[in-house]
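First comes the structure, then the notes that go with it.
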Amino acid sequence: MEKVWLKHYPEHIQRELEIPNDSVPDMLQKAIANYGENKALYFYGKEISYNELGTQTAAFASSLQQDGLIKGDRVAIMLPNCPQYVISYYGTLQAGGIVTQVNPMLVGKELTHILTDSGAETIVIYESLLPVLNQIIDQTSVKRIIKVNLDGRNTEDSLAIGFIDYLQQAGGLPRPVDINSAEDIAVLQYTGGTTGRSKGVMLTHRNVRTNTMQVYEYFKDEIQPGKDRYLTVIPLFHVFGMTSCMNLSIYTGSLSIMLPKFDLDGVLQTIKDLKPTSFPGVPTMYVALTSHPKAEEYGIDSIRICNSGSAPMPGELLRSFEKKTGAMILEGYGLSESAPVTHCNPFFATRKPGSIGIGIPSTEYKIVDLETGTNELPAGEAGEIVIRGPQVMKGYWNMPEETAHTLRDGWLYTGDIAYMDEDGYVFIIDRKKDLIIASGYNIYPRDVEEIIYEYPAVQEAVVVGVPDPYRGETVKAVIVLKDGTHCDEEELIAYCRENMAAYKVPRIVEFRDELPKTNVGKILRRAIREESMK
């Protein structure tokens, strides 16, 4: 199909970018050169300039190299949003390491898999999470623990060194590292797998650097380099937060206003006090702001740019938020495998509610048939959306078969079912995979089911996503118990809370005598999902 979406681009926005060979830390060095005195980070009253950020990042890189880190070594970062996250991220890359992003909400089994699969020998971790790490550390390759606390305490721990102490042990500037932007991995971004095995998405320096440039070019009519203030409340360990908050703010020499979690009162007070101009978020955040009876009193009309991702944006929510703020929400789309942004509704052309918009610069896409994945479909016909561009991953870490299945002839097969209209706008209508998106978090049913199956009373289990007015979707578990056993909803939920991240825990549990199955005994997940929608 002809690239009809390109007709929407005005002349001053590049359709195809000239991709530089710069590394991700080169982005920070350019921001320091151009905006050194500007404030880079704000965290609960503390401000860090670009010059200061550069100094601390170099100290972290130097300390890693002193400790024996060589090019390609993995460094896990398990932190909420805070300045130490940015310093660790850019410092690791400057030292030649690979950032392994870790969700701080993970429990022991989940953390064990990521640390053992990545082979990380260093972890930067929020101090209160040390008990989780200590329980499983013997099963991992971790040799070096750098702890971060956010309240000024420095508790004794023989296994860990404090973050400030780690910076202070640096001996001069880090040694330069020769980075091949197109080949060298910058980030391992772990994502759930339909087989229950979490996959490490290999994002090169070029993937990450280019996607930041692509987003900037697409939004450049609204972005004010050196002046914008990003409300950074979506987690930086999430690929959306990494690109649309951290990297984009640094690329443009702007201020990142960091909050470690979404607390409605705290967010509103921050908006009132600091007047952010850009707010990348997920629909549940916009629901909370829109529902607050006095939201307008906090000056939320200071926000000019709102781009929503990670989950579908209900039309009514979009209209209500825009009425209150005067800002325009632009719904977009992306995947961990594409660093992540591939599509967004444009400022510069028609916005179509319910659509994920058109492709960003240097991005190709088409809809192919579900049977073979090779036949391109005409406008209006549903199939799988596949994508090609410089932001598409190198592959999955140590998973060649999964890589070959997902990357075919240069195209990324997304697993999402969509159609494209005559104007090139894309509408997602279903998921080929069984992904559940609750409050912006990706939840794979098999991950939850495997834990539930370990409960002694459970014979069979299936997990589906059901509509939720606040979370977008929520997790429902349908259970068949073994004969002669007993378990109620509260018991099962309590068990889940002990064994998986809180956002994955089922909110609804239904017990049945049997589950619908095919004639070969496969559980009919779709039938259960459809029944749950009624």
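For every residue, the table says whether it meets (1) over 21 Å from residue 338 (Cβ atoms); (2) of a type in the set (Gly, Ala, Ser); (3) at pLDDT 95 or above.
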site	(1), (2), (3)
154	yes, no, no
158	yes, yes, no
175	yes, no, yes
178	yes, no, yes
193	no, yes, no
207	no, no, yes
212	no, no, yes
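Scanning region 328-344 for residues that are out of contact with any Leu (no Cβ under 8 Å at 6 or more places or on another chain) and either free of Cβ contacts under 8 Å to residues at least 12 places away in the same chain or part of a strand (DSSP E or B) (or both) gives 328, 330, 332, 333, 334, 341, 343.
Exactly one residue among 133, 115, 93, 150 is at pLDDT below 95 and either not polar (S, T, N, Q) or not in a loop (DSSP other than H, G, I, E, B) (or both), and that residue is 150.
Yes/no matrix, rows are residues, columns are (1) within 30 Å of residue 202 (Cα to Cα); (2) free of Cβ contacts under 8 Å to residues at least 60 places away in the same chain:
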{"site": "32", "(1), (2)": "yes, yes"}
{"site": "45", "(1), (2)": "no, yes"}
{"site": "55", "(1), (2)": "yes, yes"}
{"site": "65", "(1), (2)": "yes, no"}
{"site": "74", "(1), (2)": "yes, no"}
{"site": "77", "(1), (2)": "yes, no"}
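If residue 500 satisfies every condition in (1) surrounded by fewer than 22 Cβ atoms within 10 Å (Cβ to Cβ); (2) under 27 Å from residue 287 (Cα atoms) but one, which is the exception? Only one criterion is unmet by residue 500, namely (1). The set of residues from region 264-297 being of a type in the set (Ser, Thr, Tyr) and in a helix (DSSP H, G or I) comprises 270, 284, 286, 290, 291. In region 377-401, the qualifying residues are those that are in contact (Cβ under 8 Å) with a residue 24 or more places away in the chain and charged (D, E, K, R), and the one that is surrounded by the fewest Cβ atoms within 10 Å (Cβ to Cβ) is 381. Condition first: part of a loop (DSSP other than H, G, I, E, B) and closer than 27 Å to residue 395 by Cα. Can you find one or more residues in region 37-56 that meet it? Within region 37-56, none of the residues are part of a loop (DSSP other than H, G, I, E, B) and closer than 27 Å to residue 395 by Cα. Contact map, region 258-282: first residue free of Cβ contacts under 8 Å to residues at least 40 places away in the same chain, second residue surrounded by 20 or more Cβ atoms within 10 Å (Cβ to Cβ) and assigned to a helix (DSSP H, G or I), Cβ cut-off under 6 Å, separation 6 or more or different chains; pairs are 262/285.
Only residues that are in contact with an Asp or Glu (Cβ under 9 Å, 6 or more places away or on another chain), among the aliphatic types (A, V, I, L, M) and not in a strand (DSSP E or B) were counted in region 505-519, giving 1. The residues listed here are 350, 374; of these, the one that is surrounded by fewer than 21 Cβ atoms within 10 Å (Cβ to Cβ), free of Cβ contacts under 8 Å to residues at least 24 places away in the same chain, of a type in the set (S, T, N, Q) and part of a loop (DSSP other than H, G, I, E, B) is 374. Among the residues of region 470-488, those identified as crowded, with 18+ Cβ neighbours inside 10 Å and small (Gly, Ala, Ser) are 472, 477.
The listed residues are 101, 139, 94, and the only one of them that is over 23 Å from residue 43 (Cβ atoms) and either without any contact (Cβ under 8 Å) to a residue 60 or more places away in the chain or surrounded by 20 or more Cβ atoms within 10 Å (Cβ to Cβ) (or both) turns out to be 139. Take residue 324 and decide whether it is more than 28 Å from residue 201 (Cα to Cα), modelled with pLDDT under 80 and in a helix (DSSP H, G or I). Spelling it out, residue 324 is indeed more than 28 Å from residue 201 (Cα to Cα), modelled with pLDDT under 80 and in a helix (DSSP H, G or I). For region 446-456, the count of residues that are within 30 Å of residue 479 (Cβ to Cβ), touching a strand residue (DSSP E or B) at 6+ places or on another chain (Cβ under 6 Å) and among the basic types (Lys, Arg) is zero. Just to be sure, is residue 379 touching a helix residue (DSSP H, G or I) at 6+ places or on another chain (Cβ under 7 Å), in a loop (DSSP other than H, G, I, E, B) and of a type in the set (Gly, Ala, Ser)? Criteria not met by residue 379. Residues in region 505-529 that are loosely packed, with under 11 Cβ neighbours inside 10 Å and at pLDDT 85 or above: 513, 514.
Residue under question is residue 483, and the condition is that it be of a type outside the set (A, V, I, L, M, F, W, C), closer than 29 Å to residue 352 by Cα and over 28 Å from the mean Cα position of the chain (by Cα); does it hold?
Taking the combined requirement at face value, the residue does not satisfy it.
When 181, 244 are screened for being over 13 Å from the mean Cα position of the chain (by Cα) and either assigned to a helix (DSSP H, G or I) or within 20 Å of residue 362 (Cα to Cα) (or both), only 181 passes.
Quick one: would you say residue 498 is in contact with a strand residue (DSSP E or B) (Cβ under 6 Å, 6 or more places away or on another chain) and either of a type outside the set (Lys, Arg) or on the phi > 0 side of the Ramachandran plot (or both)?
So residue 498 fails the test.
Among residues of region 436-461 that are over 17 Å from residue 106 (Cβ atoms), those with a Cβ under 6 angstrom from a residue that is assigned to a loop (DSSP other than H, G, I, E, B) and not aliphatic (A, V, I, L, M), sequence gap 6+ or separate chain, pair up as 445/434; 457/482; 457/485; 457/487; 459/482.
A single entry from 65, 56 fulfils the requirement of being crowded, with 17+ Cβ neighbours inside 10 Å, over 24 Å from the mean Cα position of the chain (by Cα) and under 27 Å from residue 106 (Cβ atoms): 56. Checking each residue in region 277-302 for being in contact with a strand residue (DSSP E or B) (Cβ under 9 Å, 6 or more places away or on another chain), surrounded by fewer than 23 Cβ atoms within 10 Å (Cβ to Cβ) and more than 14 Å from residue 264 (Cα to Cα) picks out 277, 302.
The values are calculated or read from the model by the stated rules, or taken from the named source; none is laboratory data. What you are looking at is a predicted structure, and each value in this text was computed from that prediction instead of being measured. Neighbour counts run over all protein chains shown; Cβ positions are idealised from the backbone, glycine included.
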